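Working notes, structure below.
The values are calculated or read from the model by the stated rules, or taken from the named source; none is laboratory data. Owing to the predicted nature of the structure, the values given are computational and were not obtained by experimental measurement. Counting neighbours? That spans all protein chains shown, and the Cβs are built from the backbone with ideal geometry, glycine included. Keep in mind that these areas ignore ligands, DNA and RNA; they rest on the heavy atoms of the full protein, side chains included. Shrake-Rupley method; radii C 1.70, N 1.55, O 1.52, S 1.80 Å.
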Amino acid sequence: MQFQKITIVGVGLLGGSIGLAVRRHRLAGEIAGYVRSEKSIADCEKSGATDYATTDLLAAVSQADLVILCTPLAQMRSLVERFLPALKPGAIVTDVGSVKADVVRELASLVKKSGAHFIGSHPMAGAEKTGVAAARGNLFENAVCVLTPAKKYHAGAVRKLEQFWKALGARVLKLDAARHDLLVSRSSHLPHVAAAALASLVLDPKQPKQQAALCATGFRDTTRIASGSPEMWRDIALANRKNIVRSVDAYLTELKKFQSALKASDARVIEKFFTTAKSRRDHWCTNGNTTASE
């Protein structure tokens, strides 16, 4: 057992999956959950993701050794400000947000005032479904989890958090927060933007009524992540907007190159476009990079 008490702030897909994984691996003596509604308390109890859940934030956080923020990015600062009075000195606070630079900059200094330690986390795992009912205890197995400590960090707290994610089955990678945000803008955020744009275009009610019937497996797989939480992805897009703008520009450049080749009926360039993509993706797959999804 690594922790006497772990508190999950926001028990949805990720928070619930953490709770189930913690229980499976016996990493805590007590798992508490903070939720916003009475209905969510019953959902948490039914799922088994927490030992108990409450709408009382201070009670949930009190005496916790590890507090994990699993809420939309825009809510994190206000929640930390509210629970600081109950935060145990020496506790570790982390999050599962997809954008790190602003979170680390704002929360590390806040949490430090209480004698605790904030270390950013980003488990690269998820699904298009939301809510604790979709949670599963093996979600993090073989997934990459990025840790983004502040420049001045507590080495012991980082080691303990690294051990925690490894115990859940994740592969831990440490990165500077700004570099993390640049890289995920391409590999995680851009695919969501592309999937959303494709789903909105093809499934527009203005399209012929037969259009949806002709959307088969390829369309379904390519647009799967467009079913993710709009609130969460709004916050991610705004928080990482500069990097995402650059990634969208680069993506549009690739599409325009393909469009120009089509207009010119340039078979050589068109084939090279598909050959390069296949080769790079096949190489990525053969190196064991496809176990987790986000």
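Spin-label model, residue 238 to residue 166: label points 7 Å out along the Cα-to-beta-carbon direction sit 3.8 nm apart. Using R0 = 25 Å, the C-beta based FRET efficiency linking residue 249 and residue 222 works out to 0.75. Shown is the FRET efficiency for residue 278 and residue 105, computed with R0 = 41 Å from the Cβ-Cβ distance and rounded to the nearest 0.05: 0.55.
Computed per residue of the chain from DSSP H runs no shorter than four, each worth -39500 (n - 2.57), the mean residue ellipticity at 222 nm is -15500 deg cm²/dmol. Size descriptors for the chain: radius of gyration and Dmax over Cα atoms are 20.9, 67 Å. The orientation-averaged shadow of the Cα convex hull for region 4-132, equal to a quarter of the hull surface, comes to 7.1 nm². For residue 88, the amide hydrogen comes within under 5 Å of the amide hydrogens of 63, 64, counting only partners 5 or more places away or on other chains and with H modelled in the peptide plane. The three principal axes of the Cα atoms in region 146-218 give end-to-end lengths of 60, 26, 15 Å, sorted in falling order. Restricting the calculation to Cα atoms, every distinct pair contributes to the Kirkwood radius of region 182-249, found to be 12.9 Å. Database remark: amide H of residue 145 closer than 5 angstrom to the amide H of 124, 171, 172, 173 (H placed geometrically; neighbours at sequence offset of 5 or more, or on other chains; Pro and chain starts carry no H).
To the nearest whole percent, what portion of all C-alpha pairs in region 215-254 is separated by more than 16 angstrom? The answer is 56 percent, as a whole percent.
For a paramagnetic label modelled on residue 82 (point 7 Å from Cα along Cα→Cβ), amide N atoms under 13 Å away belong, within region 1-37, to 9-11, 34-37. The eigenvalues of the Cα gyration tensor, multiplied by 5 and square-rooted, give region 143-294 an equivalent ellipsoid with semi-axes of 34, 20, 17 Å from largest to smallest.
Share of carbon and sulfur in the accessible area of the chain stands at 54%, probe radius 1.4 Å.
Label sites at residue 38 and residue 159, each approximated as a point 7 angstrom past Cα along Cα to Cβ, lie 4.7 nm apart.
The packing ranking, built from the mean of other Cβ atoms within 10 Å per residue, places the peptides 146-156, 202-212, 103-113, 88-98 in the order 88-98, 103-113, 146-156, 202-212, highest first. Its residues counted as N, region 208-294 yields a C-alpha radius of gyration over 2.2 N^0.38 Å of 1.39.
Legend: calculated FRET efficiency, residue 213 to residue 4, from the Cβ-Cβ distance at R0 = 45 Å, rounded to 0.05, equals 0.20. Note: region 1-74, Cα convex hull, 77 Å³ per residue. Rolling a 1.4 Å probe across the protein heavy atoms gives the chain an accessible surface of 54 Å² per residue.
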